[in-house]
Amino acid sequence: MEIHKGRANANKLLARLLDYMNANLSFTLCSIDGGSAHNAIARDARAVIGCLKEDEELLRKQLDDLEAVLRDEFKIADPDLRIVLSPMDSQPKQVFTSSSAQQVVQFLYLIPNGVQTMSMDIEGLVESSLNLGVIETREETVEIISSIRSSLGSIKANIFNTIVSIAHLTNGKVVEESSYPEWRYDPDSNVRALFADLYEKMFGEKPLMNAIHAGLECALFDEMFHGQMDMISIGPTMIGVHTAEEHLSIPSTQRTWKFLKEALKNMG
């Protein structure tokens, strides 16, 4: 739910950093890791690199220069952005070959991220996006997890095929671990009208009715019943969903529970 806010994705910025360094400095990549979950925008990412001692001053300058550029780009969305260089306490046990390092950085640099298309039906609604959520260096491979969302299945398939093409160009392999169908907006929902009327009667104000860019279980129910089930999704006020600051309004939760019980009575 933060994807439209232009927040910095640390995984993408790290790829940009390594690509920038590669054009100006000789270094060895030892590992690259970042992010915490497929559905959370990566807040931090890190790479272990090696360079010649005489290039340390040039390395620091490269990082300082790029940090200044990125802080300017994200001064509104992420004013606390930082690039930190720290010495290692011990030597890494293995390093990437130069070709493997280049392929990984190129894939991460090329893979799309963030909002891809906006809805033509509902103003301001993100139609499709993807999030480069996790990078993990393992013993023989680097695993990269990207989460794709779309309210149109054809667009989701096109984004997936784009990733497959990028992986092919960079000697990678794509595996689809899971997927859920789209749940399209129904302008003639009777259930939505019933709930909206009841909410206004109970609380003296119109409910907030929104289409959101998020994955919901309703999509699976809709697929199971071949689009013949009338459904809405309701819930209390949630702030910072899928971020470290995610929290829930307790009064709103209590009000939602009271409303739900009354709505079920009216549907009987």
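Please go through region 40-99 and pick out each residue that is among the basic types (Lys, Arg), part of a helix (DSSP H, G or I) and within 26 Å of Val241 (Cα to Cα).
Once the filter is applied, which keeps residues that are among the basic types (Lys, Arg), part of a helix (DSSP H, G or I) and within 26 Å of Val241 (Cα to Cα), region 40-99 yields only Arg71.
Take region 196-208 and flag every residue that is surrounded by 12 or more Cβ atoms within 10 Å (Cβ to Cβ) and under 25 Å from Glu2 (Cα atoms). Break it down into steps so the answer makes sense when it comes.
At the first step, the residues of region 196-208 found to be surrounded by 12 or more Cβ atoms within 10 Å (Cβ to Cβ) are 196-200, 202-203, 207.
Within region 196-208, Pro207 is the sole residue that qualifies.
Pick out the one residue from Leu13, Leu52, Leu59, Leu63 that is touching a residue at least 24 places away in the same chain (Cβ under 8 Å) and within 16 Å of Tyr109 (Cβ to Cβ).
Working: Leu52 fails: within 16 Å of Tyr109 (Cβ to Cβ); Leu59 fails: within 16 Å of Tyr109 (Cβ to Cβ); Leu63 fails: within 16 Å of Tyr109 (Cβ to Cβ).
So the residue among Leu13, Leu52, Leu59, Leu63 that is touching a residue at least 24 places away in the same chain (Cβ under 8 Å) and within 16 Å of Tyr109 (Cβ to Cβ) is Leu13.
Of all residues in region 85-132, count the ones that are closer than 25 Å to Ser151 by Cα, in contact with a helix residue (DSSP H, G or I) (Cβ under 7 Å, 6 or more places away or on another chain) and either outside the structural domain of Ile159 (by TED's automatic domain parsing) or surrounded by fewer than 16 Cβ atoms within 10 Å (Cβ to Cβ) (or both).
Count: 1.
If only one of Glu200, Glu245, Glu223 is of a type in the set (Asp, Glu), outside any loop (DSSP other than H, G, I, E, B) and at pLDDT below 90, which one is it?
Glu223
In region 139-196, which residue that is among the β-branched types (Val, Ile, Thr) and part of a helix (DSSP H, G or I) is nearest to Asp222 (Cα to Cα)? Step through it out loud before you land on a result.
Initially, region 139-196 is screened for residues among the β-branched types (Val, Ile, Thr), giving 141-142, 144-145, 148, 155, 159, 162-164, 166, 170, 174-175, 191.
Cutting the leftovers down to part of a helix (DSSP H, G or I) gives us 155, 159, 162-164, 166, 191.
Values: Ile155: 19, Ile159: 23, Thr162: 27, Ile163: 27, Val164: 28, Ile166: 32, Val191: 14 Å.
Applying the filter and picking the extreme gives Val191.
Looking only at region 161-195, which residues are farther than 30 Å from Phe259 by Cβ, touching a residue at least 24 places away in the same chain (Cβ under 8 Å) and surrounded by 14 or more Cβ atoms within 10 Å (Cβ to Cβ)?
Scanning region 161-195 gives Thr162, Ile163, Ile166, Ala167, Thr170, Gly172.
Regarding region 126-137, can at least one residue be identified that is of a type in the set (Val, Ile, Thr) and closer than 21 Å to Met21 by Cα? Spell out the reasoning first.
Of all residues in region 126-137, those of a type in the set (Val, Ile, Thr) come to 126, 134-135, 137.
With closer than 21 Å to Met21 by Cα added as a condition, the list becomes 135, 137.
Checked against the condition, which is being of a type in the set (Val, Ile, Thr) and closer than 21 Å to Met21 by Cα, region 126-137 yields at least one hit.
The values are calculated or read from the model by the stated rules, or taken from the named source; none is laboratory data. Just so it is clear, the structure is predicted and the values come from calculations on it, not from any experiment. Note that we place each Cβ from the backbone using ideal geometry, even for glycine, and neighbour counts take in every protein chain shown.
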